[in-house]
Amino acid sequence: DVKVTQSSRYLVKRTGEKVFLECVQDMDHENMFWYRQDPGLGLRLIYFSYDVKMKEKGDIPEGYSVSREKKERFSLILESASTNQTSMYLCASIIRTGLGRTEAFFGQGTRLTVV
Amino acid sequence: DQQVKQNSPSLSVQEGRISILNCDYTNSMFDYFLWYKKYPAEGPTFLISISSIKDKNEDGRFTVFLNKSAKHLSLHIVPSQPGDSAVYFCAAGRSGSARQLTFGSGTQLTVLP
């Protein structure tokens, strides 16, 4: 079974703090993604990475950065947390199967509250 | 510009009846589609997928139908069970795209006992 683990289930941070969200996958997948989920907006892509030290902006990268120093770990960084970054953050590890199908495996999510 | 749309934010169905969740897309380059299920405080889990070369895929109580001409897909759950109550996300992908998947906004399904 693929396992994607996010370091925290719940976090409360103050405005202006630097916040690190960690994600680790154990299946040697190359592609890893960070999404945020907000009511009525679904899953919005923040950043993704298709290899170590490689990163690409998603649809809403402003206020975020990422780090992929090792294949199994993909970190999301909020440089200076703001209240509009209060959200559920989901990390995913994605693989293309031999049938050409893509499947995403998600972590359990981190509910971040910025006060 | 939302390329994948789930126009119904919520749906309530009686236990034992059919649940039909709908999804529309605008990008004709998408060539595979997936449905994910999400319980509160958990990450989404894969449910079922379909390739654009098919118009139907079935897995137990879950069937996904694809109408390429209408750029529409639907997920049927028969019979619906209270444990099916969750948010369902439709996702679409394009072969060779590094972005991999585009998700819809989700539909909250409530199955009433």
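Readers should treat all values here as calculations from the given coordinates under stated rules, not as data from a laboratory. It should be emphasised that the depicted structure is a prediction, and the values quoted were computed from it without experimental measurement. For neighbour counting, all protein chains shown are included, and Cβ atoms are generated from backbone atoms with ideal geometry for every residue, glycine included.
The Cβ shell under 12 Å around A:Leu78 holds other residues with a net charge of +1, Lys and Arg each +1, Asp and Glu each -1. The alpha carbon gyration tensor of the range A:18-80 gives principal lengths a ≥ b ≥ c with a/c of 1.5 or higher and a/b greater than b/c, which makes the shape prolate. In terms of its alpha-carbon gyration tensor, chain B comes out prolate; a/c meets the 1.5 threshold, and the first ratio a/b outweighs b/c.
Ranking of B:His72, A:His29 by neighbouring Cβ atoms within 10 Å, starting from the fewest: B:His72, A:His29.
Across B:Leu34, B:Leu47, B:Leu21, mean-square fluctuation computed from a Gaussian network of chain B (C-alpha pairs under 10 Å connected) peaks at B:Leu47.
Result for chain B in a Gaussian network model with C-alpha springs under 10 Å: among B:Ala91, B:Ala41, B:Ala70, the largest mean-square fluctuation is at B:Ala41. Each of B:Leu109, A:Leu90 was scored by other Cβ atoms within 10 Å of its Cβ. Listed from fewest to most, they are B:Leu109, A:Leu90.
Around A:Met54, what is the net charge, scoring Lys/Arg as +1 and Asp/Glu as -1 over all other residues with Cβ under 13 Å from its Cβ? Could the numbers behind the result be given before it?
On the way: positive: A:Lys53, A:Lys55, A:Lys57, A:Arg68, A:Lys70, A:Lys71; negative: A:Glu30, A:Asp51, A:Glu56, A:Glu69.
Net of charged neighbours comes to +2.
Once a ≥ b ≥ c are taken as the square roots of the eigenvalues of the Cα gyration tensor of the protein assembly as shown, is the result rounded (a/c under 1.5), prolate (a/b larger than b/c) or oblate (a/b not larger than b/c)? Prolate.
Counting Lys +1, Arg +1, Asp -1, Glu -1, what net charge surrounds B:Arg17 among other residues with beta carbon under 14 Å of its beta carbon?
Result for the neighbourhood of B:Arg17: -1.
For the residue pairs A:Lys70/B:Lys37; A:Lys57/B:Lys71; A:Lys53/B:Lys5; A:Lys13/A:Lys57; A:Lys53/B:Lys54; A:Lys71/B:Lys37, the alpha carbons lie more than 31 Å apart in A:Lys53/B:Lys5; A:Lys53/B:Lys54. Put in order of Cβ neighbour count within 10 Å, fewest first, the listed residues B:Tyr32, A:Tyr10, A:Tyr64 become A:Tyr10, A:Tyr64, B:Tyr32.
For chain A, a Gaussian network of Cα nodes joined below 10 Å ranks A:Ser67, A:Ser80, A:Ser49 by mean-square fluctuation, and the top entry is A:Ser80. Of all DSSP bridge pairs formed entirely within chain A, close to 90 percent run antiparallel. Computed over Cα pairs, the Kirkwood radius of chain A leads via Stokes-Einstein (1.306 mPa s, 10 °C) to a diffusion coefficient of 112 µm² per second.
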